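A short write-up of the structure that comes next.
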Amino acid sequence: MPYTNLLIDEQDGILILTLNRPKAMNALNTKTMLELQHFFAEDAPAREGLKGIILTGAGEKAFVAGADIKEFLALDTQKGQDMAQRGQDVFFLIERFHKPVIALVNGFALGGGCELSMACHLRIATENARFGQPEVNLGIIPGYGGTQRLIQYLGKTKATELLLTGDMITADQALAWGLVNYVLPAGEAMDKAKAIIGKIAKKGPVAIAKTIEAINAYFQHDEDGFDREVKAFGQTTGTEDFKEGAAAFIEKRSANFTGR
Ligand code: CO8
């Protein structure tokens, strides 16, 4: 499949997958999600000698600034649920991939971008990275697993604060709170990611695959939470507040929420 929004660069078994829509802050539009789905379901598993994947964003400002808000205006309850379910399925492919997937978070990781980073096995942030789940500013909730994975990484106390306030945290806060593994200057982060993949590649591949499987199993009792998130996301996409929130973003003004 020829990719439009993904750049692939594989050297010595280490594959750098770059989300490439820098003018839109690498926002996850439908095409990007379909390409990610194809990449993790068909392309990556067939690559011989693959040691691991480093997922990053093009440009200097953003890893991924979220789902593409410009596609949101057409959503209603059912379409919102379907879109959230499809996105969660793609992110499960990443979380369950049998080789390490490292998010190199090189800027804003907001909404679906924070969720994407959390679906990766490890996260390395550059010093300018910012993390957050700002969906409440749009009158919706996270739909790509954010309500579940943020709690898994941060615990309920800090996750609740971030999810309810929509606040962003710095890379250093993300490190202190346990959301990322390392914070490094931009010039050093890629080398660190490659070194970690190189180290893991020296271990038994079955052991690595089974370790990933077992780590994921620890959280499987939370899958009801993911279902709940899909339904709740759909309910929020059916509201007037959501249409107002998305329109306000596009029109670059503050949203006027009414609770309907
Ligand atoms: N979607 C679409 N376009 C975006 C997005 C986005 N998420 N983020 C930024 N852009 C675009 C802007 O519209 C702008 O485009 P244009 O030049 O055409 O106006 C361009 O990127 C640059 O953005 P800014 O001018 O706003 O740049 P700033 O440096 O001033 O601000 C921010 C950067 C802080 C990242 C700001 O752009 C921002 O707040 N973006 C939105 C962040 C956000 O709310 N993300 C959450 C989205 S909702 C979500 O992810 C839900 C996931 C689950 C979905 C489930 C199924 C639908």
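Values computed for the structure shown
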{"item": "Residue that is nearest to Ile200 (Cα to Cα), among those in the stretch 4-29 that are part of a loop (DSSP other than H, G, I, E, B) and open to solvent by 40 Å² or more (accessible area, probe 1.4 Å)", "result": "Asp12"}
{"item": "Residue satisfying condition, being among the hydrophobic types (A, V, I, L, M, F, W, C), away from the ligand (no atom under 14 Å from the Cβ) and open to solvent by less than 70 Å² (accessible area, probe 1.4 Å), within set Phe233, Phe219", "result": "Phe219"}
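The values are calculated or read from the model by the stated rules, or taken from the named source; none is laboratory data. Computed from a predicted structure; not experimentally measured. Ideal geometry is used to build each Cβ from the backbone, glycine not excepted, and the neighbour counts take in all protein chains shown. Surface areas here come from the heavy atoms of the whole protein model, side chains and all, with no ligands, DNA or RNA. Shrake-Rupley method; radii C 1.70, N 1.55, O 1.52, S 1.80 Å.
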